[in-house]
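Encoded as C-alpha coordinates, the structure appears first; notes follow it.
The values are calculated or read from the model by the stated rules, or taken from the named source; none is laboratory data. The model shown is predicted, which means the values in this text are computed figures rather than measured ones. Glycine also receives a Cβ, built like all others from the backbone with ideal geometry; neighbour counts cover every protein chain displayed.
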Amino acid sequence: HLNPVEAMGSLGSTVLGVEISHPDRVVYPDDGVTKLEVARYYERVGELMLPHVVDRPLALLRTPEGIGGEKFFQKSFKAHVPPHVKVKTLDDGTEILFVREIKGLISLAQFGVIELHPWGSRLPQVDKPDVLVWDLDPDEKVPWKETLGAAFLLRDCLAEYGLETRAKSSGGKGIHVMMHLKRQHTWELLKPFTKAVAAKVGEQNPKRFTITASKSKRSGKIYIDWLRNGKGATCIAPWGLRARPGAPVSMPVTWEQLAEMGPRGFTIREPAQEPENWMSIEPQSLPISLVREISRG
Ligand code: ATP
Ligand code: MN
Ligand code: MN
(Lines give C-alpha, C1' and ligand atoms only; values in the text may rest on other atoms or scores of the structure.)
(Ligands and ions follow the chains in the order given, each with its own letter.)
Protein backbone atom coordinates (compact mmCIF):
# COMPACT_ATOMS: atom_id res chain seq x y z
CA HIS A 1 0.00 0.00 0.00
CA LEU A 2 1.29 3.42 -0.95
CA ASN A 3 0.01 6.39 0.92
CA PRO A 4 -1.13 9.22 -1.37
CA VAL A 5 2.04 11.26 -0.90
CA GLU A 6 4.32 8.35 -1.81
CA ALA A 7 2.09 7.50 -4.71
CA MET A 8 2.37 11.00 -6.12
CA GLY A 9 6.11 11.03 -5.63
CA SER A 10 6.67 7.77 -7.46
CA LEU A 11 3.93 7.73 -10.04
CA GLY A 12 2.56 11.24 -10.34
CA SER A 13 -1.19 11.53 -10.19
CA THR A 14 -1.99 9.30 -13.09
CA VAL A 15 -3.91 6.11 -12.33
CA LEU A 16 -3.97 3.46 -15.05
CA GLY A 17 -3.12 6.22 -17.49
CA VAL A 18 -6.02 8.40 -16.36
CA GLU A 19 -4.91 11.85 -15.19
CA ILE A 20 -6.33 12.73 -11.77
CA SER A 21 -6.70 16.47 -11.26
CA HIS A 22 -6.56 17.86 -7.71
CA PRO A 23 -5.24 14.49 -6.48
CA ASP A 24 -4.84 15.62 -2.89
CA ARG A 25 -8.27 17.23 -2.62
CA VAL A 26 -9.88 15.75 0.48
CA VAL A 27 -13.06 13.84 -0.38
CA TYR A 28 -13.76 12.44 3.10
CA PRO A 29 -12.97 15.27 5.52
CA ASP A 30 -13.29 13.19 8.71
CA ASP A 31 -11.04 10.47 7.40
CA GLY A 32 -8.57 12.44 5.28
CA VAL A 33 -9.28 10.30 2.23
CA THR A 34 -8.23 12.12 -0.93
CA LYS A 35 -9.43 12.02 -4.52
CA LEU A 36 -6.27 10.13 -5.52
CA GLU A 37 -6.96 7.54 -2.82
CA VAL A 38 -10.46 7.06 -4.25
CA ALA A 39 -9.04 6.58 -7.76
CA ARG A 40 -6.42 4.16 -6.44
CA TYR A 41 -9.11 2.25 -4.56
CA TYR A 42 -10.99 1.64 -7.80
CA GLU A 43 -7.71 0.59 -9.42
CA ARG A 44 -7.07 -1.86 -6.58
CA VAL A 45 -10.51 -3.50 -6.60
CA GLY A 46 -11.09 -2.98 -10.33
CA GLU A 47 -10.49 -6.55 -11.40
CA LEU A 48 -12.87 -7.94 -8.78
CA MET A 49 -15.50 -5.24 -9.20
CA LEU A 50 -15.62 -4.87 -12.98
CA PRO A 51 -17.46 -8.15 -13.72
CA HIS A 52 -20.32 -6.89 -11.51
CA VAL A 53 -20.49 -3.55 -13.28
CA VAL A 54 -19.58 -4.17 -16.90
CA ASP A 55 -22.34 -3.45 -19.44
CA ARG A 56 -24.81 -2.44 -16.73
CA PRO A 57 -26.58 0.91 -16.90
CA LEU A 58 -25.30 3.01 -14.01
CA ALA A 59 -26.64 5.58 -11.60
CA LEU A 60 -23.70 7.58 -10.26
CA LEU A 61 -23.46 9.48 -7.01
CA ARG A 62 -21.22 12.51 -7.41
CA THR A 63 -19.81 14.66 -4.64
CA PRO A 64 -17.68 17.28 -6.40
CA GLU A 65 -17.03 19.15 -3.14
CA GLY A 66 -16.38 16.04 -1.06
CA ILE A 67 -18.93 14.08 0.96
CA GLY A 68 -19.63 17.06 3.20
CA GLY A 69 -20.88 19.04 0.20
CA GLU A 70 -23.64 18.60 -2.31
CA LYS A 71 -24.40 14.99 -3.37
CA PHE A 72 -26.39 14.11 -6.46
CA PHE A 73 -27.36 11.06 -8.48
CA GLN A 74 -26.67 11.23 -12.18
CA LYS A 75 -27.64 8.83 -14.97
CA SER A 76 -26.22 10.75 -17.89
CA PHE A 77 -23.63 13.38 -18.72
CA LYS A 78 -25.08 16.20 -20.80
CA ALA A 79 -22.15 17.25 -22.94
CA HIS A 80 -18.84 15.88 -21.70
CA VAL A 81 -18.91 12.15 -21.18
CA PRO A 82 -15.78 11.13 -19.27
CA PRO A 83 -13.20 9.14 -21.23
CA HIS A 84 -13.63 5.33 -21.04
CA VAL A 85 -17.32 5.78 -20.18
CA LYS A 86 -19.85 4.66 -22.75
CA VAL A 87 -23.27 5.95 -23.67
CA LYS A 88 -26.15 4.08 -25.26
CA THR A 89 -29.74 4.84 -26.09
CA LEU A 90 -32.09 1.98 -25.18
CA ASP A 91 -35.06 0.96 -27.33
CA ASP A 92 -37.38 3.02 -25.14
CA GLY A 93 -35.28 6.14 -25.77
CA THR A 94 -33.56 6.22 -22.36
CA GLU A 95 -29.93 7.21 -22.55
CA ILE A 96 -27.75 5.17 -20.24
CA LEU A 97 -24.09 5.16 -19.13
CA PHE A 98 -21.93 2.09 -18.74
CA VAL A 99 -18.30 1.03 -18.51
CA ARG A 100 -16.38 -1.90 -19.96
CA GLU A 101 -12.95 -1.45 -18.41
CA ILE A 102 -11.27 -0.54 -15.13
CA LYS A 103 -10.16 2.74 -16.68
CA GLY A 104 -13.84 3.68 -16.79
CA LEU A 105 -14.03 3.35 -13.00
CA ILE A 106 -10.95 5.55 -12.59
CA SER A 107 -12.28 8.06 -15.07
CA LEU A 108 -15.51 8.32 -13.08
CA ALA A 109 -13.50 8.94 -9.91
CA GLN A 110 -11.72 11.74 -11.76
CA PHE A 111 -15.18 13.24 -12.44
CA GLY A 112 -16.08 13.28 -8.76
CA VAL A 113 -18.10 10.06 -8.77
CA ILE A 114 -17.89 8.16 -5.49
CA GLU A 115 -20.73 5.63 -5.71
CA LEU A 116 -21.60 3.36 -8.64
CA HIS A 117 -25.09 1.85 -8.67
CA PRO A 118 -25.61 -0.68 -11.46
CA TRP A 119 -28.86 -2.16 -12.66
CA GLY A 120 -29.60 -5.84 -12.02
CA SER A 121 -29.61 -6.45 -15.77
CA ARG A 122 -27.04 -5.78 -18.44
CA LEU A 123 -26.77 -4.94 -22.09
CA PRO A 124 -28.06 -5.99 -24.47
CA GLN A 125 -30.84 -7.72 -22.49
CA VAL A 126 -31.83 -4.98 -20.05
CA ASP A 127 -35.30 -6.49 -19.62
CA LYS A 128 -33.95 -9.75 -18.20
CA PRO A 129 -32.08 -9.52 -14.90
CA ASP A 130 -29.16 -11.72 -13.91
CA VAL A 131 -29.03 -10.42 -10.33
CA LEU A 132 -31.83 -10.03 -7.82
CA VAL A 133 -31.36 -8.32 -4.49
CA TRP A 134 -33.15 -8.16 -1.17
CA ASP A 135 -31.97 -5.04 0.57
CA LEU A 136 -32.36 -5.32 4.34
CA ASP A 137 -33.05 -1.91 5.83
CA PRO A 138 -33.14 -1.95 9.63
CA ASP A 139 -34.71 0.90 11.53
CA GLU A 140 -32.21 2.65 13.80
CA LYS A 141 -33.48 0.82 16.89
CA VAL A 142 -32.93 -2.65 15.43
CA PRO A 143 -29.95 -4.47 16.96
CA TRP A 144 -27.35 -5.61 14.41
CA LYS A 145 -27.83 -9.29 15.34
CA GLU A 146 -31.43 -9.06 14.12
CA THR A 147 -30.38 -7.74 10.73
CA LEU A 148 -27.86 -10.59 10.51
CA GLY A 149 -30.60 -13.04 11.42
CA ALA A 150 -32.84 -11.65 8.67
CA ALA A 151 -30.11 -12.22 6.06
CA PHE A 152 -29.79 -15.86 7.16
CA LEU A 153 -33.58 -16.35 7.09
CA LEU A 154 -33.62 -15.11 3.50
CA ARG A 155 -30.75 -17.40 2.58
CA ASP A 156 -32.49 -20.39 4.18
CA CYS A 157 -35.84 -19.58 2.62
CA LEU A 158 -34.33 -19.65 -0.89
CA ALA A 159 -32.07 -22.61 -0.10
CA GLU A 160 -35.20 -24.67 0.60
CA TYR A 161 -35.99 -24.31 -3.09
CA GLY A 162 -32.41 -25.16 -4.06
CA LEU A 163 -31.57 -21.51 -4.79
CA GLU A 164 -28.18 -20.10 -3.88
CA THR A 165 -27.66 -16.60 -2.51
CA ARG A 166 -24.71 -14.42 -1.56
CA ALA A 167 -24.37 -11.52 0.81
CA LYS A 168 -22.56 -8.22 0.94
CA SER A 169 -22.46 -5.43 3.45
CA SER A 170 -24.31 -2.37 2.19
CA GLY A 171 -21.68 0.01 3.47
CA GLY A 172 -24.44 1.46 5.61
CA LYS A 173 -26.58 -0.14 8.27
CA GLY A 174 -27.89 -2.92 6.10
CA ILE A 175 -27.10 -6.13 4.27
CA HIS A 176 -27.77 -7.01 0.64
CA VAL A 177 -28.73 -10.60 -0.14
CA MET A 178 -28.18 -11.34 -3.81
CA MET A 179 -29.18 -14.09 -6.15
CA HIS A 180 -27.33 -14.56 -9.45
CA LEU A 181 -29.29 -16.21 -12.21
CA LYS A 182 -29.37 -16.93 -15.90
CA ARG A 183 -31.10 -14.35 -18.05
CA GLN A 184 -34.28 -16.34 -18.54
CA HIS A 185 -37.12 -14.24 -17.19
CA THR A 186 -38.24 -10.62 -17.45
CA TRP A 187 -38.36 -8.07 -14.65
CA GLU A 188 -42.11 -8.19 -15.00
CA LEU A 189 -42.12 -11.80 -13.88
CA LEU A 190 -39.34 -11.57 -11.32
CA LYS A 191 -40.34 -8.42 -9.47
CA PRO A 192 -43.45 -10.08 -7.96
CA PHE A 193 -41.26 -13.10 -7.26
CA THR A 194 -38.89 -10.99 -5.15
CA LYS A 195 -41.86 -9.53 -3.30
CA ALA A 196 -43.25 -13.00 -2.58
CA VAL A 197 -39.89 -14.12 -1.17
CA ALA A 198 -39.76 -11.01 1.02
CA ALA A 199 -43.32 -11.73 2.19
CA LYS A 200 -42.46 -15.36 3.04
CA VAL A 201 -39.62 -14.23 5.28
CA GLY A 202 -41.69 -11.36 6.69
CA GLU A 203 -44.48 -13.72 7.72
CA GLN A 204 -42.08 -15.66 9.92
CA ASN A 205 -42.02 -12.73 12.32
CA PRO A 206 -44.41 -9.87 11.50
CA LYS A 207 -43.29 -7.98 14.61
CA ARG A 208 -39.74 -7.82 13.32
CA PHE A 209 -40.22 -7.46 9.56
CA THR A 210 -42.11 -5.35 7.07
CA ILE A 211 -42.18 -5.44 3.30
CA THR A 212 -43.87 -2.04 3.02
CA ALA A 213 -41.74 0.97 2.16
CA SER A 214 -43.81 3.34 4.29
CA LYS A 215 -41.58 4.90 6.96
CA SER A 216 -44.32 4.88 9.60
CA LYS A 217 -44.69 1.09 9.33
CA ARG A 218 -40.93 0.58 9.63
CA SER A 219 -40.41 1.84 13.15
CA GLY A 220 -38.41 -0.72 15.13
CA LYS A 221 -38.50 -3.15 12.19
CA ILE A 222 -36.40 -4.44 9.36
CA TYR A 223 -37.76 -3.42 5.99
CA ILE A 224 -37.09 -6.16 3.45
CA ASP A 225 -36.70 -3.85 0.46
CA TRP A 226 -37.56 -5.86 -2.67
CA LEU A 227 -38.11 -2.72 -4.78
CA ARG A 228 -34.45 -2.75 -5.83
CA ASN A 229 -35.65 -5.24 -8.44
CA GLY A 230 -37.08 -3.77 -11.60
CA LYS A 231 -36.00 -2.13 -14.81
CA GLY A 232 -34.01 0.97 -13.88
CA ALA A 233 -33.75 0.05 -10.18
CA THR A 234 -30.23 -0.08 -8.81
CA CYS A 235 -28.14 -1.29 -5.92
CA ILE A 236 -24.68 -0.16 -4.87
CA ALA A 237 -22.05 -2.22 -6.75
CA PRO A 238 -20.14 -4.99 -4.99
CA TRP A 239 -16.85 -3.41 -3.75
CA GLY A 240 -18.44 0.00 -4.33
CA LEU A 241 -17.36 2.89 -2.12
CA ARG A 242 -20.01 4.85 -0.20
CA ALA A 243 -20.09 8.63 0.14
CA ARG A 244 -20.56 8.35 3.90
CA PRO A 245 -18.30 9.06 6.87
CA GLY A 246 -15.60 6.44 7.35
CA ALA A 247 -15.41 5.70 3.59
CA PRO A 248 -17.25 2.37 3.90
CA VAL A 249 -17.54 -0.10 1.04
CA SER A 250 -20.22 -2.56 0.04
CA MET A 251 -18.12 -5.66 0.62
CA PRO A 252 -18.90 -9.16 -0.66
CA VAL A 253 -18.57 -11.73 2.11
CA THR A 254 -19.06 -15.43 2.65
CA TRP A 255 -21.94 -16.44 4.90
CA GLU A 256 -19.35 -17.42 7.52
CA GLN A 257 -17.77 -13.97 7.33
CA LEU A 258 -21.15 -12.33 7.52
CA ALA A 259 -21.93 -14.17 10.75
CA GLU A 260 -18.72 -12.72 12.24
CA MET A 261 -19.15 -9.24 10.77
CA GLY A 262 -19.99 -6.34 13.04
CA PRO A 263 -22.21 -3.39 12.15
CA ARG A 264 -19.16 -1.34 11.14
CA GLY A 265 -18.41 -3.45 8.09
CA PHE A 266 -15.47 -2.61 5.83
CA THR A 267 -13.80 0.57 4.61
CA ILE A 268 -11.60 1.86 1.76
CA ARG A 269 -8.53 1.04 3.84
CA GLU A 270 -9.36 -2.65 4.16
CA PRO A 271 -7.53 -4.94 1.74
CA ALA A 272 -9.78 -6.00 -1.13
CA GLN A 273 -10.85 -9.57 -0.53
CA GLU A 274 -12.60 -11.94 -2.87
CA PRO A 275 -14.52 -14.43 -0.77
CA GLU A 276 -14.59 -17.93 -2.19
CA ASN A 277 -18.31 -17.96 -2.92
CA TRP A 278 -17.96 -14.75 -4.95
CA MET A 279 -15.30 -16.19 -7.30
CA SER A 280 -16.44 -17.10 -10.82
CA ILE A 281 -20.14 -17.05 -10.07
CA GLU A 282 -22.11 -19.64 -12.04
CA PRO A 283 -25.49 -18.09 -12.87
CA GLN A 284 -28.19 -20.48 -11.69
CA SER A 285 -31.25 -21.59 -13.52
CA LEU A 286 -34.61 -20.59 -12.05
CA PRO A 287 -37.36 -22.82 -13.45
CA ILE A 288 -40.56 -21.00 -14.39
CA SER A 289 -42.51 -23.54 -12.33
CA LEU A 290 -40.59 -22.45 -9.24
CA VAL A 291 -41.11 -18.74 -10.01
CA ARG A 292 -44.87 -19.42 -10.23
CA GLU A 293 -44.95 -21.60 -7.10
CA ILE A 294 -43.14 -19.03 -4.96
CA SER A 295 -44.95 -16.05 -6.47
CA ARG A 296 -48.32 -17.64 -5.58
CA GLY A 297 -47.22 -17.41 -1.94
P1 ATP B 1 -28.21 1.31 3.62
O2 ATP B 1 -27.52 0.22 4.32
O3 ATP B 1 -28.01 2.64 4.24
O4 ATP B 1 -29.67 0.99 3.41
P5 ATP B 1 -28.25 1.12 0.77
O6 ATP B 1 -27.27 1.26 -0.33
O7 ATP B 1 -28.93 -0.21 0.84
O8 ATP B 1 -27.52 1.42 2.16
P9 ATP B 1 -30.89 2.28 0.40
O10 ATP B 1 -31.39 3.64 0.76
O11 ATP B 1 -31.53 1.13 1.09
O12 ATP B 1 -29.29 2.32 0.65
O13 ATP B 1 -31.04 2.14 -1.15
C14 ATP B 1 -30.81 0.90 -1.78
C15 ATP B 1 -30.31 1.17 -3.17
O16 ATP B 1 -31.30 1.90 -3.90
C17 ATP B 1 -29.07 2.05 -3.25
O18 ATP B 1 -27.88 1.28 -3.12
C19 ATP B 1 -29.22 2.70 -4.58
O20 ATP B 1 -28.65 1.90 -5.61
C21 ATP B 1 -30.70 2.79 -4.80
N22 ATP B 1 -31.15 4.17 -4.55
C23 ATP B 1 -31.68 4.65 -3.40
N24 ATP B 1 -31.99 5.94 -3.55
C25 ATP B 1 -31.69 6.29 -4.82
C26 ATP B 1 -31.80 7.50 -5.61
N27 ATP B 1 -32.29 8.62 -5.09
N28 ATP B 1 -31.39 7.45 -6.90
C29 ATP B 1 -30.89 6.31 -7.43
N30 ATP B 1 -30.76 5.16 -6.74
C31 ATP B 1 -31.16 5.14 -5.47
MN1 MN C 1 -30.52 -0.61 2.13
MN1 MN D 1 -33.57 0.24 0.69
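Figures for the structure shown
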| read-out | value |
| --- | --- |
| Failed condition for Ala213, given (1) of a type outside the set (Lys, Arg); (2) within 16 Å of ligand 2 (Cβ to nearest atom); (3) surrounded by fewer than 21 Cβ atoms within 10 Å (Cβ to Cβ); (4) in contact (Cβ under 8 Å) with a residue 60 or more places away in the chain | (4) |
| Filter pass, Pro271 being under 20 Å from Ser170 (Cα atoms), more than 16 Å from ligand 1 (Cβ to nearest atom) and over 17 Å from the mean Cα position of the chain (by Cα) | yes |
| Any chance Trp134 is in contact (Cβ under 8 Å) with a residue 12 or more places away in the chain and either touching a Pro at 6+ places or on another chain (Cβ under 7 Å) or away from ligand 1 (no atom under 14 Å from the Cβ) (or both) | no |
| Single match in Lys78, Lys141, Lys103, Lys88 (criterion: more than 30 Å from Ser13 (Cβ to Cβ), outside the structural domain of Thr186 (by TED's automatic domain parsing) and basic (Lys, Arg)) | Lys88 |
| Test: residue in segment 141-151 that is in contact with a strand residue (DSSP E or B) (Cβ under 8 Å, 6 or more places away or on another chain) and more than 16 Å from ligand 1 (Cβ to nearest atom) | no |
| Answer from Glu276, Glu293 - the residue that is exposed (fewer than 15 other Cβ atoms within 10 Å of the Cβ) and closer than 26 Å to Pro51 by Cα | Glu276 |
| Residue match in segment 253-260 (condition: of a type outside the set (S, T, N, Q) and under 14 Å from the mean Cα position of the chain (by Cα)) | yes |
| Residue pairs meeting the criteria (Cβ under 8 Å; at least 6 apart or on separate chains; first among the aliphatic types (A, V, I, L, M), in segment 52-63; second in a helix (DSSP H, G or I)) | Val53/Leu105; Leu60/Leu108 |
